[in-house]
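The values are calculated or read from the model by the stated rules, or taken from the named source; none is laboratory data. Here the structure is a predicted model, which means the values were calculated and not measured. Cβ sites come from the backbone with ideal geometry, for glycine too, and all protein chains shown count toward neighbours.
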Amino acid sequence: MEQEKKRLIVIDSNSLIHRAFHALPPLTTKKGEIVNAVYGFLLVFLKAIREFQPDYIAACFDVRGPCFRHKKYKEYKAKRPKAPDELYQQIPRIKEILKNFQVPIFEKQGFEADDLIATISDKAPKQQIYPEIETIVLSGDLDTLQFINKNTKVCTLGKGIKETVIYDEEKVKERFEISPKQVVDFKALAGDPSDNIPGAIGIGKKTAVELLKEYNNIENLYDSIEKGRAWDIRPRIKALLLKNKELVFLSQVLARADKNVDFDFELEKCALKGYDKKKIKEIFQELNFYSLIDRLP
């Protein structure tokens, strides 16, 4: 009988915190501490543990300050409005709770959480040879779809924070008409306003999908154009692609998560351990999260 795969959950923490903060009205404790992001994060966290029953779990966080992408393109994320202080004030609480659940936290100056998630998703299967390991990335946005492969899925939030959608390779193709491997090149062509990734100015999402369906990736696309083989591309689109070639390949670098970040990751140190239920109950009571106590695993 084939042994079931082990399962690892990797939490894209900042994206979940942002989604929770904006999805829920301001919640305050009796002492006046704002905790709506903490509460929303925990709703998703506890639901994931209950539904996926992971063997391993890890949480990745962004670090304040520029990352390597800002060195390549100083306008990276420049148009994104700064999150309210009330959001940032809740991050230490979330880290405190994760530590009390014995969940390892990973962050590194100069890199984003996506880079650490990509690295963990790449390293974990090499450290867990048999049985195989399935990685589930728990995220609040769709940037992480690029990580999906036969062993990696993404569980992201639907409307609000109560609905979740699980993406595998087929689900990505069904919704976006491209494969997970093409997500980065899609952004390289169409851009991404939320991260201020420029893309090929003048090329929209529909055209980007059509080009990737035909040429698979931007390397093949430009090779075909430059060798005179791209007969089916309209002259206007071809001119835009050639004019923006440098921006397209820069955008590819900006959009692609770095899966070779050097940090100390050992899968076995992420094994789901027991936790001090009494301590967690005390924290939940302090935060007035009485309804969550019954949901503790």
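TYR167 falls short on exactly one of the conditions (1) on the phi < 0 side of the Ramachandran plot; (2) in contact with a Pro (Cβ under 7 Å, 6 or more places away or on another chain), and that condition is (2). None of GLU219, GLU226, GLU266 is without any contact (Cβ under 8 Å) to a residue 40 or more places away in the chain, out of contact with any Asp or Glu (no Cβ under 9 Å at 6 or more places or on another chain) and of a type outside the set (S, T, N, Q) except GLU226.
When LYS277, LYS273 are checked against the criterion of being within 27 Å of the chain's Cα centre (by Cα) and loosely packed, with under 15 Cβ neighbours inside 10 Å, LYS273 stands alone in meeting it. Scan segment 226-247 for residues that are in a loop (DSSP other than H, G, I, E, B) and closer than 22 Å to ASP192 by Cβ and the total you get is 1. Looking for something without any contact (Cβ under 8 Å) to a residue 40 or more places away in the chain and either part of a helix (DSSP H, G or I) or farther than 30 Å from PHE284 by Cα (or both) - is there at least one such residue anywhere in segment 56-69? Checked segment 56-69: no residue is without any contact (Cβ under 8 Å) to a residue 40 or more places away in the chain and either part of a helix (DSSP H, G or I) or farther than 30 Å from PHE284 by Cα (or both). You will find that of ASP223, ASP264, the residue that is part of a loop (DSSP other than H, G, I, E, B) and either in the same structural domain as LYS126 (by TED's automatic domain parsing) or surrounded by fewer than 18 Cβ atoms within 10 Å (Cβ to Cβ) (or both) is ASP264 and no other.
Is it fair to say GLN102 is polar (S, T, N, Q) and not in a helix (DSSP H, G or I)? Show your work before the answer.
Numbers: polar (S, T, N, Q): yes; not in a helix (DSSP H, G or I): yes.
So GLN102 fits the description; yes.
If the condition is being within 16 Å of ALA37 (Cα to Cα) and polar (S, T, N, Q), then segment 267-290 contributes only ASN288.
Note on segment 267-294: residues that are over 28 Å from ASP143 (Cβ atoms) and assigned to a loop (DSSP other than H, G, I, E, B) amount to 8.
Only residues that are of a type in the set (S, T, N, Q) and either outside any strand (DSSP E or B) or assigned by TED's automatic domain parsing to the domain that holds PHE249 (or both): list them for segment 142-197, please.
Applying the first criterion (of a type in the set (S, T, N, Q)) to segment 142-197 yields 144, 146, 149, 151-152, 156, 164, 179, 182, 194, 196.
Within segment 142-197, THR144, GLN146, ASN151, SER179, GLN182, SER194, ASN196 meet the criteria.
Can you spot a residue in segment 104-122 that is more than 20 Å from the chain's Cα centre (by Cα) and of a type outside the set (A, V, I, L, M, F, W, C)? The answer is no; no qualifying residue exists.
Results for (1) among the β-branched types (Val, Ile, Thr); (2) assigned by TED's automatic domain parsing to the domain that holds LYS273; (3) crowded, with 20+ Cβ neighbours inside 10 Å; (4) not in a helix (DSSP H, G or I), shown as yes or no for each residue.
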| site | (1), (2), (3), (4) |
| --- | --- |
| LEU98 | no, yes, yes, no |
| LYS108 | no, yes, no, yes |
| LEU116 | no, yes, yes, no |
| ALA124 | no, yes, yes, no |
| ILE129 | yes, yes, no, yes |
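Scanning segment 79-102 for residues that are under 20 Å from ILE11 (Cα atoms) and without any contact (Cβ under 8 Å) to a residue 12 or more places away in the chain yields TYR88, PRO92, LYS99. Among the residues of segment 206-218, the ones that are surrounded by fewer than 22 Cβ atoms within 10 Å (Cβ to Cβ) and under 28 Å from PRO66 (Cβ atoms) come to 0 in all.
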